[in-house]
Amino acid sequence: MFIKEIINGISQKIYGFYEGLYDIYVEDVEQGLEVPCFMINLISSNIRMILKPRYMFESVFDVIYFGEGYKDCMDRGSELYDILEYITINDKDLIRGTKMNMDIIKNILHFRVRYNLILQNKPDIINMMEDHQINIGVGNRWD
């Protein structure tokens with residue numbers, strides 16, 4: 001659905017900022033991972049109805065950076081706050097990342113960011129110009 005578009009938006013933003021300096025993986029790599037590099041993982045997503053026909057799509061991503069030490073991870077994490085605040089999806093729509101946070105565990109940066117979208121399904125089409133008959137009356141119970 002929108003997960004692939006968001007992943008593409010994240011990877012394009014990172015790739016563009018670093019001018020292709022780092023490889024970016026979106027699938028597990030069992031062997032051959034060249035450090036330094038980024039990996040983008042979906043942590044969770046959900047969809048809930050707000051007001052029909054509108055739905056809220058919420059997703060949380062983990063942008064993992066395999067760096068060359070703690071300072072390198074700290075520098076990349078600090079940059080990701082600015083880089084991933086806004087991404088472009090579908091080549092035109094700008095969305096904002098929220099609830100960003102980062103952890104560095106064993107010289108691996110985990111940068112989490114949430115992207116929320118409001119979706120709208122097409123409502124059932126009702127001809128609003130057709131004739132309607134309404135019967136209005138007052139009932140008298142004493143008759």
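Pairs meeting the criteria (first residue in region 13-28 and farther than 14 Å from Glu79 by Cβ, second residue open to solvent by less than 80 Å² (accessible area, probe 1.4 Å) and β-branched (Val, Ile, Thr), beta carbons under 8 Å, at least 6 apart or on different chains) are Ile24/Ile14; Ile24/Ile40; Tyr25/Ile40; Val26/Ile7; Val26/Ile40. Within region 62-87, track down each residue that is open to solvent by 60 Å² or more (accessible area, probe 1.4 Å) and in contact with a Leu (Cβ under 7 Å, 6 or more places away or on another chain). Passing the criteria: only Tyr86. Taking the criterion of being in contact with a strand residue (DSSP E or B) (Cβ under 6 Å, 6 or more places away or on another chain) and not aliphatic (A, V, I, L, M), the residues of region 82-105 that qualify are Glu85, Tyr86, Thr88, Arg96, Gly97, Thr98, Lys99, Asn101, Asp103. May I ask you to verify whether Ser59 is open to solvent by 50 Å² or more (accessible area, probe 1.4 Å) and within 16 Å of Met100 (Cα to Cα)? No; evaluated as a whole, the condition is false for this residue. Applying a threshold of 8 Å to beta carbon distances and a minimum spacing of six or more residues, or different chains, the list of pairs starting in region 40-60 at a residue that is in contact (Cβ under 8 Å) with a residue 40 or more places away in the chain and at negative phi and ending at one that is exposed (fewer than 11 other Cβ atoms within 10 Å of the Cβ) and among the hydroxyl-bearing types (Ser, Thr, Tyr) reads Ser59/Ser44; Val60/Ser44. The set of residues in region 77-117 being over 20 Å from Ile6 (Cβ atoms) and touching a residue at least 40 places away in the same chain (Cβ under 8 Å) consists of Asn107, Ile108. Within region 17-52, if we keep just the residues that are open to solvent by 70 Å² or more (accessible area, probe 1.4 Å) and out of contact with any strand residue (DSSP E or B) (no Cβ under 9 Å at 6 or more places or on another chain), the residue that is farthest from Met102 (Cα to Cα) turns out to be Lys52.
The values are calculated or read from the model by the stated rules, or taken from the named source; none is laboratory data. Treat the numbers as computed from the prediction; the structure is a model and nothing was measured. All Cβ positions, even for glycine, are placed from backbone atoms using ideal geometry, and neighbour counts span all protein chains on display. Heavy atoms of the whole protein, side chains included, go into the accessibility calculation; ligands, DNA and RNA do not. Shrake-Rupley method; radii C 1.70, N 1.55, O 1.52, S 1.80 Å.
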